[in-house]
1. For the stretch B:135-150, check the following and say yes or no: at least one residue is in contact (Cβ under 8 Å) with a residue 60 or more places away in the chain, crowded, with 24+ Cβ neighbours inside 10 Å, in a helix (DSSP H, G or I) and of a type outside the set (Asp, Glu).
2. Within the stretch A:9-41, how many residues turn out to be at the interface with chain B (Cβ under 7 Å from one of its Cβ atoms) and either of a type in the set (D, E, K, R) or under 20 Å from B:Ser366 (Cα atoms) (or both)?
3. Condition first: within 9 Å of chain A (Cβ to nearest Cβ) and surrounded by 21 or more Cβ atoms within 10 Å (Cβ to Cβ). Now tell me which residues in the stretch B:341-352 satisfy that.
4. Look at B:Gln359 and say whether it is within 28 Å of the chain's Cα centre (by Cα), surrounded by fewer than 21 Cβ atoms within 10 Å (Cβ to Cβ) and either at pLDDT below 95 or within 10 Å of chain A (Cβ to nearest Cβ) (or both).
5. Could you go through the stretch B:242-249 and let me know if any residue there is closer than 23 Å to B:Val165 by Cα and in a loop (DSSP other than H, G, I, E, B).
6. Considering the stretch B:60-102 alone, what residues qualify as being crowded, with 22+ Cβ neighbours inside 10 Å and not in a loop (DSSP other than H, G, I, E, B)?
7. Hey, does the stretch B:226-237 have a residue that's among the small types (Gly, Ala, Ser), assigned to a helix (DSSP H, G or I) and open to solvent by 10 Å² or more (accessible area, probe 1.4 Å)?
8. Here's a check for you: in the stretch B:430-445, which residue that is among the aliphatic types (A, V, I, L, M) and assigned to a loop (DSSP other than H, G, I, E, B) is nearest to the other protein chains (Cβ to nearest Cβ)?
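The values are calculated or read from the model by the stated rules, or taken from the named source; none is laboratory data. Keep in mind it's a predicted model, so treat the numbers as computed, not measured. Cβ placement follows ideal geometry from the backbone for every residue including glycine, while neighbour counts extend to all protein chains displayed. Remember, those area values only see protein heavy atoms, side chains included, never the ligands or the DNA or RNA. Shrake-Rupley method; radii C 1.70, N 1.55, O 1.52, S 1.80 Å.
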Amino acid sequence: MLAPMEIGLEGMKRMAAAGGFAWTDAELEPIRPAVERLLDALDRLESLPLEDLEPTTQYRVL
Amino acid sequence: MADLVWTSMADLGRMIATKEVSPVEVVRAHLDRIATLDAGLRAFITVCADAALQAARAAEADLMGGKVAGPLHGVPWAPKDLYSTKGVRTTGGSKILADSVPARDATVVARLAGAGAIVLGKLNMHEFAYGPEGLNAHYGDARNPWDSSVHRVTGGSSSGSGAAVAAGLAPGSLGSDTGGSIRIPASLCGITGLKPTYGRVSRAGVLPLAWSMDHVGPMTRTARDSALMLGAIAGYDPADPTTSVLPVPDYTTALTGDVKGVRVGLLRAHFTDVAAPEVRSAVETAARQLEQAGAIVDEVNLTHVAHVGPASTAIVASEALAYHAAWMRVRAQDYQPDVRERLRMGAFISGAQYLRAQQLRALVRSEIDSALVKRDVLLAPATPIPAPALGERETTLGDGKSDVRAALIRLTRPFNYSGHPAGSAPCGFTAGGLPMGFQLVGRPFDEATVLRVIDAYQRLTDWHTRRPPVA
């Protein structure tokens, strides 16, 4: 089993700043556990057989 | 004329067309009911009383002149407050758009107006459609009409639509569904709701939550009324490039009442088996009733849906933040706290992760398509639990404890992710008197079969005719 992903507040602030958001520690700390869980779950998608699939968003029906 | 508020849209249309009742009487009956009950239910954000009565008088004059726009001529309805309505504010349930007045109608609002339907007002919703409970800090939390002693949530995000249709304040509504926002309130409020196939109904003029997951659809008390509304709104729209040019059938002709030979797959793992015992029992009973009516029922498991949760969260959070980015930079304090936190999540999803989540979509869709090769519809609970009390945070499912919010969207969002059509209808009541709903999932663009099976089920049962105690 993989170790749970950890993301520090400084890392979150840098990522938010890259998107143009100046969020404070107090604003980020409440969502940090949820962000970690989500990133951890997304990391597990890497084990699925997705390499031959194109990203899809809709039915291609004329 | 109290019964007018409990009359179906189909019957109202027929009674108006035959001059049995006047559109003015029908609209007035609903406005009176809104005036009496809405202070407690908080279903409406804006009531358009004068405009609705004016439209009703015009519909009556047309009728007297021999002009009938269609089966919805003079029939009232109310959209969720994220549909653009010309000259009427469209708030999205937010403070940010509290004074936003669109210059034109959303395509579907215009299509329903063209079919003769009359807007009563704009309905409450979870702020910007980003929550399955239906909470709103700005306009008040809509109240589930099925419990007069405990404030229970309606489900969301189309909360006002669920409450208004269930309590007889409007006979029909249009909700929107990104993770279950039509089917969840339909299930919790005991009404019928349909999320059509992605691309079947135009989203033009509808405030987005997540472009690739948003669906527009009807919320009514019967499958027949959903068929009528869908027939009026479906079809290609040049203003929405994702809409299909496939012809729109007359959905009401599919409502034969006959399910003989229809193949129904009861979804077990990740769906029926994780529901609360009363819900599981109600859905299994519905499967048996359909079988007794001639349907062929078997059981089926979908495995890849186990990954849908994080993948759909990544997509919705990314797309939602992209839409809200400008406001989130300068007006973050104007969002209600839960919505603000969900929007912030989108900042931590990378482009690669977003696209990986979109790749998985193809796999999940393919698995559902495969299950539908030998079956016409798939059956599952719409929500694994009945309406929770306001503030309830945790619940117990068949596979353990769960956050209430995660539980509410767990069974519906796989079909936003896949794009398949899915309709919800009431299939029983708990010992405590709360409605429970199933969902039926169909093949892409086969809404007709979904509606056909729900309609047949509603001819076998009376769950959809029950009235809540608040009413």
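1. No, the stretch B:135-150 contains no residue that is in contact (Cβ under 8 Å) with a residue 60 or more places away in the chain, crowded, with 24+ Cβ neighbours inside 10 Å, in a helix (DSSP H, G or I) and of a type outside the set (Asp, Glu).
2. 0
3. Once the filter is applied, which keeps residues that are within 9 Å of chain A (Cβ to nearest Cβ) and surrounded by 21 or more Cβ atoms within 10 Å (Cβ to Cβ), the stretch B:341-352 yields B:Arg342, B:Arg344, B:Gly346, B:Ala347, B:Phe348, B:Ile349.
4. Yes.
5. Looking for residues that are closer than 23 Å to B:Val165 by Cα and in a loop (DSSP other than H, G, I, E, B), one finds none in the stretch B:242-249, hence no.
6. Those that are crowded, with 22+ Cβ neighbours inside 10 Å and not in a loop (DSSP other than H, G, I, E, B): B:Pro76, B:Trp77, B:Ala78, B:Pro79, B:Lys80, B:Tyr83, B:Thr85.
7. Within the stretch B:226-237, one or more residues are among the small types (Gly, Ala, Ser), assigned to a helix (DSSP H, G or I) and open to solvent by 10 Å² or more (accessible area, probe 1.4 Å).
8. Step by step, filter the stretch B:430-445, then rank; the result is B:Leu434.
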